[in-house]
Amino acid sequence: MNFSAASWRAVASLRRIPIRLRFYLLAGVNVAMVALLLVLFSRYEAAQENLQDSQTRMQQLDLTLRTLQSDGNRLQALIRQYIDRPEPGAQEAATRLGKSLYDRVGESAMAHADLRGPLQSAQAAVSVLVSSFDHLVTLNTRIQTSYESGILNTGRDASSRFARLSESLTGSQKAQIAKTYEVFVEALLSLNAFYFHPDTANADQARNSLERVEASLNLLSAAAPAGAQRDALLALTARARDIDTSLTRLEQLLLERSGMMRVDVGVSAERLTAISDTLLADNQRRQATLREQHLAERRGVIVILLVLAVLVAGLGLYSSWLIARSVQQPLVELMGSVNALAAGNLHHDVRGADAPDELGTLAQTLQTLKTGALARQQAEAAMRLSEEHYRNVVDNIPETIVIVRGDRMIFANPRATELTGLPTPELLSRPFLSLIHPDDAAMVAERHRRRMSGEPVERYTQFRLLRPGGDFLWVESSAVAVTWDDQPATLAFLGDLTERRRAEESVRAALEQQKELNELRSRFIAMASHEFRTPLSTILSSAELLRDYDDKLPAAEKRDILRGIENGVQRMASLLNDVLTVGRVESGKIEFHPARLTLKTFCQSVIAEVMRSESRQGRGDRQVNLHVEETAAAVLDEQLLRHVLGNLLSNAIKYSPPQGGVQLTVSALAGGIEFTVADGGIGIPDEDLPHLFDTFHRGRNARNVPGTGLGLAIAKKAVEIHGGTIAVDSSVGKGTRVTVTLPAGG
Amino acid sequence: MANILVVEDETDIRNNLARFLRLEGHSVVEAVDGIDGLAKAQSAPLDLILCDISMPGLNGYAVLEKLQASPQTCDIPFVFVSASVEPGKQARGVEMGAKAYVTKPFNLVAMRELINRLTQGA
């Protein structure tokens, strides 16, 4: 297993622990690391201390030993000093030092088990030395005592005896005593000298002197009479002898002392010195060795500690790193995911949702949020699409949709601007009633009020919208009550009624026209029926008369009656023709056969035919004046033209008074022929002029005049087939002028 | 033997009707239109008036109205003779006070009967 795999697995394991605990773990690891390091450091410190202690101990030991050595030396010195000058101070000091040294060596021996042996030996040596010294001191005391009592006191005593004796003596004895005393004093001096410098020369001298004194005294005493003097001399001599004895004793003591000094003290002092030197040397060696050892140990300890410290630190840092990583890595990943999602990339794959720790939970939550956001995004997209659809519908509906809440519009689709002429912001800012024609406003407001309060109300309302230009527009609103943002409102479709009204108008007009047409047709039928019935009546009555009153009727009357039948038949035939022609005209089946036409002749024949027909109807007295330009010639359909002119002429005659003349004028134009029929008849009302050429139309003022209303319609059609125009100029009471313009043809 | 006024603008029909009435033994006054008819109605005592409806100028209805307005002529039996066969017209005519409404073409037998009925006693 390599490092990174191990790390990865460690991290994975770590992630099973909650992060909070992980941080405690981290803290713990770090604390442990620090603690361990501290421990290591303390171990190092301890080792150092140990070393230091050991060294200190060594040094202390060394010091102690040195102290002991120096004290030993000082003791020896003190002893020697004392030996040299046995003063109580020196003795005391030496004794004190000896005791303290003994104690301290004993302490050291106790303290340093490894040196106990030598130290105890040292202690023994000190003890011996001290006891030797004690002996020496005792001896000194004895010597001193001996000297003082044996010699000094005796000497003083002797001196005083000498003095007394000398007093008691005279002359030569006195001089002898004085001389003896001098020698005595010399002896004392020598003794003193011997006491302080106990060498044999002084002893000998002293002895010598004493012997002389003794001798002298013996002489004296031998020579002296018995008595006080002699007693005194004997006493003196005794004293001298005592002193001698003391000297001897002193000599012995001094010898003893010297021996003691040499042997007991010297030897033990030497011994002590040797021991202490050895100790010191050993110690030094040991110290050195120990220092080496310790240094080596220390190095070893340092190395170990360092290694351990590195390990501990390494482990600690590694653990810390793992723990940190166990948080940081998923956190970074999560941050990446969050950023990606925040940036809008909702298809980013959120990883780590299966991890057992809080970040795993977080990743899961993020995943859920993402899914939610994605779903929401899709829902939003769907909704946007749906909204787009609806908006598409609403915006493109060719209807105006508004929502009214309160007294004004809160929504108006784009078409509203087209309808009202106002931009949307303005539309929404004005009270909606201000847009309505004042005459309609009350009704609209009332219906609105009823709708808002829930009362039943008409769904469709027609009213006028006021437009900015001041004009108004008829609209129809289809309104329902709705809820908009939790408040009651009205949703209304406004439709421009103009078209519809126009359509209605045109339908009405068409219906009117149809009605009129039907009326006209009915009238035509009535009229046709009437027109047919009239000649039929003539024929029937004529036939019946002939049948029933044949014998009673003169031949002339019979001929009249028969002519009546003929007229009737012709009239019916003509009418039938007209009807059939109209039918053909209506179905476009008129045939066009243009031919060269001599207009004058043609017009004359047309006039003749019309007059024939009119005279049959009792209007034979009318006049038609013809004026034709000679040069006028054209290529035209004779039959059609006959229809046209015949119709125009018969109209002119029919609607004119008897005395009024009718004028037919034919003139040539550039590329065409102009036919004009003018009369001074009843004229045509202005309102009928546009409908003149409509089939079945009859002027309002021509109701009582028999006619089918077909003639002009046929005429117009005929003119159109020629490619020409027909125009009417007329006014009521003043007559009529009809102008037909036809291309010359050819 | 009655005095009958015939008001009819169609010449042939007027002639035939006049002929028929004369052959029946009645005396006939002919008028060519409404105005003419009114004038002739005032001029002589009449027992019956036969009047067309659709005529130029005054139509038959107007003529009847005018006749009814005048005490001289209001009692004269009045008959419409017309080519219009609309039921409304017939009813109107009768409502106005006409004694009968004859539609063209009329047959002479029926006409004879009608006239005899209306002129009984004349």
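Read the figures in this text as sums done on the coordinates, not as results from a lab. This is a predicted model, so every value here is computed, not measured. Note that we place each Cβ from the backbone using ideal geometry, even for glycine, and neighbour counts take in every protein chain shown.
Within straight-line reach of B:K40, meaning a Cα separation under 18 Å, sit the following aspartates and glutamates at least 8 residues removed in sequence or on another chain: B:E8, B:D9, B:E10, B:E30, B:D52, B:E65, B:D75. Near the amide H of B:V29, within less than 5 Å, lie the amide hydrogens of B:I4, B:L5, B:V6, all on another chain or at least 5 residues away, with H placed in the peptide plane.
First select every other residue whose beta carbon is under 13 angstrom from the beta carbon of A:L428; then total the charges, Lys and Arg +1, Asp and Glu -1. Here the charged neighbours net out to +1.
Peptides A:326-332, A:75-81, A:393-399, ordered by how many other C-beta atoms sit within 10 Å of their residues on average, highest first, read A:75-81, A:326-332, A:393-399.
Taking θ as phi - 60° and the Karplus parameters 6.51, -1.76 and 1.60, the scalar couplings of the range B:50-56 work out to 9, 10, 6, 9, 8, 9, x Hz in sequence order, x denoting glycine and proline. The aspartates and glutamates within cross-link reach of A:K717, meaning a Cα-to-Cα straight distance under 16 Å and a gap of 8 or more places when in the same chain, are A:D578, A:E586, A:E591, A:D637, A:E638, A:D694.
Close amide H contacts of A:A634 (hydrogens built in the peptide plane, cut-off under 5 Å, sequence separation of 5 or more or a different chain): A:L597, A:L599. Ordered by the number of other Cβ atoms lying within 10 Å of each residue's own Cβ, fewest first, A:R391, A:R212 fall into the sequence A:R391, A:R212. Assuming charge only on the beta carbon of Lys and Arg (+1) and of Asp and Glu (-1), the dipole of the protein assembly as shown about its Cα centre is about 2260 debye to the nearest 20. In the protein assembly as shown, the ratio of gyration radius to Kirkwood radius, Rg to Rh, stands at 1.91 when only Cα atoms are counted. Using a ≥ b ≥ c from the Cα gyration tensor of the range B:62-117 (square roots of the eigenvalues), is it rounded, prolate or oblate, where a/c under 1.5 gives rounded and otherwise the larger of a/b and b/c decides, a/b for prolate? The shape class here is oblate. The mean number of Cβ atoms from other chains found within 10 Å of a Cβ in peptide A:529-535 is 6, as a whole number. For the residues of A:548-560, the average number of beta carbons from a partner chain within 10 Å of their own beta carbon is 2. Dividing the mean sequence gap of close Cα pairs (under 8 Å, 6+ apart) by how many residues the range A:175-273 holds gives a relative contact order of 23 percent. A straight Cα-to-Cα reach below 21 Å connects A:K654 with the lysines A:K716, A:K734, residues fewer than 8 places away in its own chain not being considered.
Near A:A187, once Lys and Arg are set to +1 and Asp and Glu to -1 for all other residues with Cβ below 15 Å from its Cβ, the sum equals -2. For B:M96, B:M55, A:M383, B:M1, the sequence from fewest to most other C-beta atoms within 10 Å is B:M1, A:M383, B:M96, B:M55. Among residues other than A:Q377 whose Cβ falls under 11 Å from its Cβ, what is the net charge (Lys/Arg +1, Asp/Glu -1)? Local charge sum for A:Q377: +2. Think of chain A as having a plus end and a minus end, set by charges on the Cβ of Lys, Arg, Asp and Glu; of A:A416, A:L692, A:S650, A:A416 sits farthest toward the positive end of this dipole.
Let me make sure I get this right: for chain B, a, b and c are the square roots of the gyration tensor eigenvalues over alpha carbons, sorted descending. Under 1.5 in a/c it's rounded, otherwise prolate if a/b > b/c, else oblate. Which is it? Since a/c stays below 1.5, the shape of chain B is classed as rounded.
If R0 equals 60 Å, the separation of the Cβ atoms of A:E167 and A:D134 corresponds to a calculated FRET efficiency of about 0.85. Neighbour counting of Cβ atoms within 10 Å sorts the residues A:D548, B:D52, fewest neighbours leading, into A:D548, B:D52. When only the Cβ of Lys, Arg, Asp and Glu is charged (+1, +1, -1, -1), the dipole of the range A:436-479 relative to its Cα centre reaches about 160 debye. When the helices of chain A are scored as -39500 (n - 2.57) per DSSP H run of n ≥ 4 and the total is divided over every residue, the value at 222 nm lands at -24000 deg cm²/dmol.
Counting only other chain Cβ atoms within 10 Å of each residue's Cβ, the peptide B:1-14 averages 4. Let me know the shape class of the range A:581-620, please: from the alpha-carbon gyration tensor, a ≥ b ≥ c as square roots of the eigenvalues, rounded when a/c is under 1.5, otherwise prolate if a/b is greater than b/c, or oblate. Here the range A:581-620 falls in the oblate category. For chain A, the relative contact order is 8 percent, taking Cα pairs closer than 8 Å that sit 6 or more residues apart in sequence and dividing their mean separation by the residue count.
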